[in-house]
Amino acid sequence: MSDLSLTVLGSATPYAEPGNPCSGYLVSSGETHVWLDAGPGTLAELRRHTGLDRLAAIWISHLHADHCADLLTAYYGALFADVELPAPIPLFGPPGIADRLAGFLTNGPSRSPVERAFAVQELSDGHRAEIGPMTFTAAAVEHGMPAFGVRIEAGAASLAYSGDSAPCPAVTSLAKNCDALLCEADGPAPSEAHHTPEDAGEAAAGAGVRRLIVTHVGPFLTPGDAVTRAAARFEGPVAYAAPGAVFHLP
């Protein structure tokens, strides 16, 4: 059995496609499950594999809606549906995440009790969390707003996730010698906020990862184009984060 598995719940941007929710993944080691980014549509796909009451944590890279909006419906599911939480779900996210959620969810004079559903821990550069057998290490990345990539390690396995980011040393450092880099390949042209497929390939090569998984492929690229263009800069295997795909590491 692998030490880590990555299940793609969705990888579309900037809005969900038929059959493909926005960014969201389930990272598992044994019976420990973490919901990594919660883009629109990913909660329903998460429930194919596990329930909110069986999550060890939720980890949010940044507060753009295509990466976090399903936290709103998760709140209602956690408190007002058929879920019985043993305790609020640990929620790791950028500074201000609790107030951002409360700002949307509050419908009267009293602030919505988001902390009843989520035990919020704000991320910072270098933040480290032990979640079951997994270690999560955050790094601030370049996205024009507070945003964090993450390195996840369990046993002999390691996975790095860029979140949304322009090319920056933090992504390459996080991914150093990882089994896999899950990296956005958003658009056809260089950007101050996103990787192109070529950027993703160069990050994978510079980090010496064993494989590259491209995700968050924007509407002006096809997944095949993104894989081909990334592979021109990286000699290892390149895959697309197709919805429903499962990657076992190492």
Do any GluC sites (Glu not before Pro) in the range 161-250 lie in a loop, going by DSSP, with at most 15 other beta-carbon atoms within 10 Å of their beta carbon, and if so which? E192, E235
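What does the accessible area per residue of the chain come to in Å², with a 1.4 Å probe and no ligands, DNA or RNA counted?
Heavy-atom SASA per residue in the chain reads 41 Å².
By the scheme Lys and Arg +1, Asp and Glu -1, what is the net charge of all other residues having a beta-carbon under 14 Å from that of A98?
Here the charged neighbours net out to 0.
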Considering only P237, P197, P223, give the residue with the highest GNM mean-square fluctuation for the chain, with springs between Cα atoms whenever their separation is below 10 Å. P237
The Cα radius of gyration of the range 28-152, divided by 2.2 N^0.38 Å with N its residue count, comes to 1.01
What percent does the relative contact order of the range 92-250 come to when contacts are Cα pairs within less than 8 Å and at least six residues apart? 15
In the neighbourhood of E202 defined by beta carbon distances under 12 Å, the net charge of the other residues (Lys, Arg +1; Asp, Glu -1) is -1
In the chain, what % of DSSP beta bridges are antiparallel (nearest 5)? 60
Using a Gaussian network model of the chain whose springs link C-alpha atoms within less than 10 Å, name the residue from S110, S29, S173 with the highest mean-square fluctuation. S110
What is the local net charge at C178, summed over the other residues whose Cβ is closer than 11 Å to its Cβ (Lys, Arg +1; Asp, Glu -1)? +2
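Roughly how many percent of the accessible protein surface of the chain is carbon and sulfur, given a 1.4 Å probe and a whole-percent answer?
54
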Could you identify which residue out of T222, T50, T137 has the top mean-square fluctuation in a GNM of the chain using Cα springs shorter than 10 Å? T222
Which distance in nm do the two modelled labels at E17 and A87 give, with both placed 7 Å along the Cα-to-Cβ direction? 4.0
Which of the DSSP-defined H helices in the chain satisfy a minimum axial length of 18 Å, computed from C-alpha atoms, and a minimum mean Kyte-Doolittle hydropathy of -0.5? none
Run lengths n ≥ 4 of DSSP H only: what is the helix-derived mean residue ellipticity at 222 nm for the chain, with -39500 (n - 2.57) per run over all residues, to the nearest 500? -6000 deg cm²/dmol
More than 28 angstrom apart: percent of Cα pairs within the chain: 25
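The values are calculated or read from the model by the stated rules, or taken from the named source; none is laboratory data. All of these numbers come straight from a predicted model, not from anything done at the bench. Because the Cβ atoms are built from the backbone with ideal geometry, glycine has one as well, and the counts that use them run over all protein chains shown. The accessibility values were calculated without ligands, DNA or RNA, using every heavy atom of the protein model including side chains. Shrake-Rupley method; radii C 1.70, N 1.55, O 1.52, S 1.80 Å.
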